[in-house]
Amino acid sequence: MDGFACVVMKILLIAPYYTGSHAAWAKGYARYSQHQVDILSLPGRYWKWRMHGGAVTLARQFLASSLTPDLILTTDMLDLTTFMALTRQRTAHIPTAIYFHENQLTYPWSPTDRDIAQRREKHYGFINFVSALTADTVLFNSRYHQDSFLTALPQLLKHFPDYNELDSVQRIRDKSQVLALGLDLQRFDPFRPDQTPEKPLLLWGHRWEFDKNPKAFFRALTILSERGIDFDLAVLGENFKQQPKLFLNAQKRLARHMVQFGYVDSCAEYARWLWRADIIPVTSHQDFFGASVVEALYCHCFPLLPKRLAYPDIVPIENHADCFYEDFDDLVARLHKAIVNIEQTRQRNLRSVVAGYDWQEQSQQYDALFLKLATDQSKL
């Protein structure tokens, strides 16, 4: 890898759903990479239509451009097969890598989603499958994500009546690897406060969506509130639709604790809340990496996590006994203890275990990997 250090190549990063963590990842890599990274994107809305039709629009935009990439890097929101077919006159010789932020085989669907009732939800997982089959390299943001996707693939294929192509799962496995998410963690450093608030502050830092299980989160805090436990609560995170009723009800029920309710679009304000927060209780049904958790840990926030999903890979095993809960009752008990012993809780600092996810380090791994992929493919 060291011999590649001074080589600069051109990478086309295709981001069909360019918002939130997807956009932050693309911008972060483009900023910190030694390579020339050009981003081809569509606005981050209508995710299902992006997976169905985004490839057609992005192919048209690519053909109208003068881009001549050495490598095409895309996310799981692109139908890579369609994009490559429509641009084959210019892309047939270009190596491709697909980065899975999430996948539609194991992502928990909301029971109210219309596609569930009409039995259409498997199509999005099929787009992920054929895109992974098409790509030269398949990248996952965590080992948990890689394992869950590859384990779920055979069940998807067995759903179809014949020619299930089960051997294709091994072909995808053979070209898959884990490449952790890069994050701009050092941007939080200038906002570290000089003083610590007296009252413990709890944090919700996720999207306001079903898969993050806000019901259990607010239920746990309501129990503690009814016990007379004193704490503050900051509810951050993006909300892409109307404010869910569950959140509005929690705002009223926990009004005496609420010091922030709603998304903050300023990096400085977000950073200040992370530094102020003491505890981040996590109840998610789904988290393929856990970016908001990593950011909170970097800012000295103590986590209480379910012992599943990607979290056991983020937190070192020597900290598992302190940071992981077994079930809902255990979460409430541990949260109660962490709040009433807040000075002890504030001494638990996990910043060093997540500092390596900063782009300053991650970009070097990305650059070396992508250069090797392009170089190896050119030899074929």
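Observations on the model:
- Residues in the range 229-244 include none that are assigned to a helix (DSSP H, G or I) and not assigned by TED's automatic domain parsing to the domain that holds R143.
- Filtered residues of the range 163-178 (kept if outside any helix (DSSP H, G or I), of a type in the set (S, T, Y) and either surrounded by 13 or more Cβ atoms within 10 Å (Cβ to Cβ) or within 23 Å of the chain's Cα centre (by Cα) (or both)): S176
- Residue in the range 59-76 that is of a type outside the set (S, T, N, Q) and closer than 20 Å to F149 by Cβ present: yes
- On the stretch given as the range 84-109, residues that are over 28 Å from H285 (Cα atoms) and in a strand (DSSP E or B) total 1.
- First in the range 292-307 and touching a residue at least 60 places away in the same chain (Cβ under 8 Å) and closer than 15 Å to Q186 by Cα, second anywhere and charged (D, E, K, R) and in a helix (DSSP H, G or I), Cβ under 6 Å, 6 or more apart: Y298/R351
- Checking each residue in the range 313-331 for being assigned to a helix (DSSP H, G or I), surrounded by fewer than 19 Cβ atoms within 10 Å (Cβ to Cβ) and either touching a residue at least 24 places away in the same chain (Cβ under 8 Å) or in contact with a Lys or Arg (Cβ under 9 Å, 6 or more places away or on another chain) (or both) picks out D313, N319, H320, D322, F328.
- Looking only at residues of the range 228-280 that are β-branched (V, I, T) and closer than 14 Å to K199 by Cβ, we find that the one that is farthest from the chain's Cα centre (by Cα) is I229.
- Lone qualifier among F160, F126, F217 - being over 18 Å from the mean Cα position of the chain (by Cα) and either of a type in the set (D, E) or assigned to a loop (DSSP other than H, G, I, E, B) (or both): F160
- Matching option when the condition is surrounded by fewer than 20 Cβ atoms within 10 Å (Cβ to Cβ) and either closer than 12 Å to L73 by Cβ or not aliphatic (A, V, I, L, M) (or both), among P16, P43: P43
- Subset of the range 349-368 (residues that are in contact with a strand residue (DSSP E or B) (Cβ under 9 Å, 6 or more places away or on another chain) and surrounded by fewer than 17 Cβ atoms within 10 Å (Cβ to Cβ)): N349
- Of note, T81 does not satisfy the criterion of being of a type outside the set (F, W, Y) and in a loop (DSSP other than H, G, I, E, B).
- For the range 263-290, residues that are at pLDDT below 95 and surrounded by fewer than 22 Cβ atoms within 10 Å (Cβ to Cβ) total 7.
The values are calculated or read from the model by the stated rules, or taken from the named source; none is laboratory data. As the structure is a prediction and not an experimental result, all values here were calculated from the model. Heads up, the Cβs are rebuilt from the backbone with ideal geometry, glycines too, and the neighbour counts pull from every protein chain shown.
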